[in-house]
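K.L.:
Have a look at this one.
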Amino acid sequence: MLNDTPTTSTPPTAAALPTARGPLSSAVLSALVQSPSDAGSVVAPVTDADPYGDDLHLALYLCYELHYRGLPGVDDAWEWNPDLLRLRAEMESAFLADVRAHVTVGGSAADEMDLLSTEHVDGSGPSFHLRDTGTAEQMREYLAHRSLYHLKEADPHAWTIPRLQGQAKASYVAVEFDEFGGGRGSRMHQNLFRDLLAAAGLDATYLGYLDRVGAPTLAPVNLMSMFGLHRSLRGAAVGHLAATEITSSPGSQRLVKALQRLEFPAECVAFYAEHVEADAVHEQVMRHDVVGDLIAREPELEADVVFGMRAIDHVEDVLADHLMDAWSNGRESLRPAS
């Protein structure tokens, strides 16, 4: 069973560091608990690591988190440590190569967005399952998995803003402005999700479920962090956000119905209801004013934009398969609590 954790109205602080999953995450964690000036070389074998394994993705997630809110008890100077950045680059290379191996190439961004906007009535996957037959416990598990992204929602995509120009930049910022609550802190989507977790009786601590999730959950967040932090992947980052906005509204509508059917509190419904309306508008902005303007300005990036759209589809399919496999076999989809 998923352990419930009492929460308060005060924003919870970051959780403790997670448990290592193998040589990569062990090397990273062992380094981070030391002062950068005292630590030796951060060395770990990447060549033989599973590019979609828990070990690599936990290690990569920890490296990326240094660029967000930092880690508890970890010196902020680790953010730009050359040894750690070298190891991160090796892990990124392995992960990116694996994603590219699973994603087809070719096609236009316009055609890809049309495909993404086509909803199948008889679709399958977690949101369909939760809407129709899922249990309250499975919904809580789903929310715990999603907390790894939604408690930092919009932050990964924000890295892309200074890498855009003209209308694409202005419209991209407009979409992010809504994600950050339109200037109202209480309406930031990441804060709305914190309220959702608290209302659902779940741990609303930032990174609270990091130790309970594996690569299928971490990889989608690592993907957007990688896209955002590399100028060379700015086209993929734009494609990623476009795909997110295009597919969010119908999926959020299914989760609204699921939460209502399962009689979850209003704060839980409110988070997804917000996305039903806002993301329907964002879809049009991303299609025409962001993707359209970017490709008109830098046509050589179209292939990367399409790759970004297909890459998110791949990593989300892996997570969906993980959830559905666990639930269809009567298992909990989260890792045991350490």
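K.L.:
Tell me the Kirkwood radius of the chain: reciprocal of the mean inverse pair distance over distinct alpha-carbon atoms, in Å.
P.N.:
Working: mean 1/r = 0.0488 Å⁻¹.
Taking every pair of different Cα atoms in the chain, averaging 1/r and inverting gives 20.5 Å.
K.L.:
Given the options GLY308, LEU192, TYR272, identify the residue whose Cα lies farthest towards the positive end of the charge dipole of the chain (+1 on Cβ of Lys, Arg; -1 on Cβ of Asp, Glu).
P.N.:
Result: LEU192, furthest along the dipole toward the positive end.
K.L.:
Tell me the mean residue ellipticity at 222 nm calculated for the chain from its helices only (DSSP H runs of n ≥ 4, each -39500 (n - 2.57), averaged over every residue, nearest 500).
P.N.:
On the way: 14 runs with 196 residues, N = 338.
Theoretical 222 nm ellipticity from helices: -18500 deg cm²/dmol.
K.L.:
How large is ³J(HN,Hα), in whole Hz, for each residue of the range 297-307 in order, when computed from phi with the Karplus curve 6.51 cos²θ - 1.76 cosθ + 1.60 and θ = phi - 60°, using x for Gly and Pro?
P.N.:
Those phi angles translate into 7, 9, x, 5, 8, 4, 4, 5, 4, 5, 4 Hz.
K.L.:
Nearest 20 debye, what's the magnitude of the dipole of the chain about its Cα centre given +1 on Lys and Arg Cβ and -1 on Asp and Glu Cβ? Mind dumping the intermediate values first?
P.N.:
On the way: 25 positive and 49 negative charges, 98 e Å.
So the dipole magnitude of the chain works out to roughly 480 debye.
K.L.:
Ok, one more. So if I place +1 on the C-beta of Lys and Arg and -1 on the C-beta of Asp and Glu, and nothing else carries charge, what would the dipole magnitude of the range 140-184 be about its Cα centre? I want it in debye, nearest 20. Don't skip to the answer; put the middle values down first.
P.N.:
Details: 6 positive and 6 negative charges, 12 e Å.
Here the size comes out at about 60 debye.
K.L.:
Oh, and also: What span do the alpha-carbon atoms of the range 247-287 cover on each of the three principal axes, reported in whole Å from largest to smallest?
P.N.:
35, 15, 8
K.L.:
Can you tell me which of 20-27, 203-210 comes out highest on packing, and rank the rest after it, using the mean Cβ neighbours within 10 Å? Walk me through the intermediate numbers first.
P.N.:
On the way: 20-27: 19.9, 203-210: 22.6.
With the highest mean Cβ count within 10 Å placed first, the list reads 203-210, 20-27.
K.L.:
On to the next question. Roll a 1.4 angstrom probe over the protein heavy atoms and tell me the percent of accessible area of the chain that is carbon or sulfur.
P.N.:
53 percent
K.L.:
What is the dipole size for the range 101-231, taken about its Cα centre, with +1 at each Lys and Arg Cβ and -1 at each Asp and Glu Cβ, in debye to the nearest 20?
P.N.:
Dipole magnitude for the range 101-231 comes out near 540 debye.
K.L.:
So, one more: With r defined as the distance between the Cβ atoms of ARG100 and THR47 and R0 fixed at 25 Å, what FRET efficiency is calculated, to the nearest 0.05? Walk me through the intermediate numbers first.
P.N.:
Numbers: r = 17 Å, r/R0 = 0.70.
Efficiency at R0 = 25 Å is approximately 0.90.
K.L.:
Right, another one. Could you tell me which residue out of SER108, GLY123, LEU87 lies farthest along the dipole of the range 58-126 toward its positive end? Charges go on the beta carbon: Lys and Arg +1, Asp and Glu -1, centred on the Cα centre.
P.N.:
With unit charges placed on the Cβ atoms, the residue in question is LEU87.
K.L.:
In the range 258-336, which GluC sites (Glu not before Pro) are in a loop and have at most 14 other Cβ atoms within 10 Å, using DSSP for the loop call?
P.N.:
Numbers: sites: GLU263, GLU267, GLU274, GLU277, GLU283, GLU300, GLU302, GLU316, GLU332; in loops: GLU263, GLU332.
For GluC sites (Glu not before Pro) across the range 258-336 that sit outside H, G, I, E and B with at most 14 neighbouring Cβ atoms in 10 Å, the list reads GLU263, GLU332.
K.L.:
Provide the per residue accessible area, probe 1.4 Å, for the chain, rounded to a whole number of square angstrom.
P.N.:
Values: 14060 Å² over 338 residues.
Result: 42 Å² of accessible area for each residue.
The values are calculated or read from the model by the stated rules, or taken from the named source; none is laboratory data. Because the structure is predicted, anything quoted here is derived from the model rather than measured. Positions of Cβ are generated from backbone atoms using ideal geometry, with glycine treated the same way; all protein chains shown enter the neighbour counts. Note: accessible area is taken over every heavy atom of the protein model, side chains too, but ligands, DNA and RNA are not part of it. Shrake-Rupley method; radii C 1.70, N 1.55, O 1.52, S 1.80 Å.
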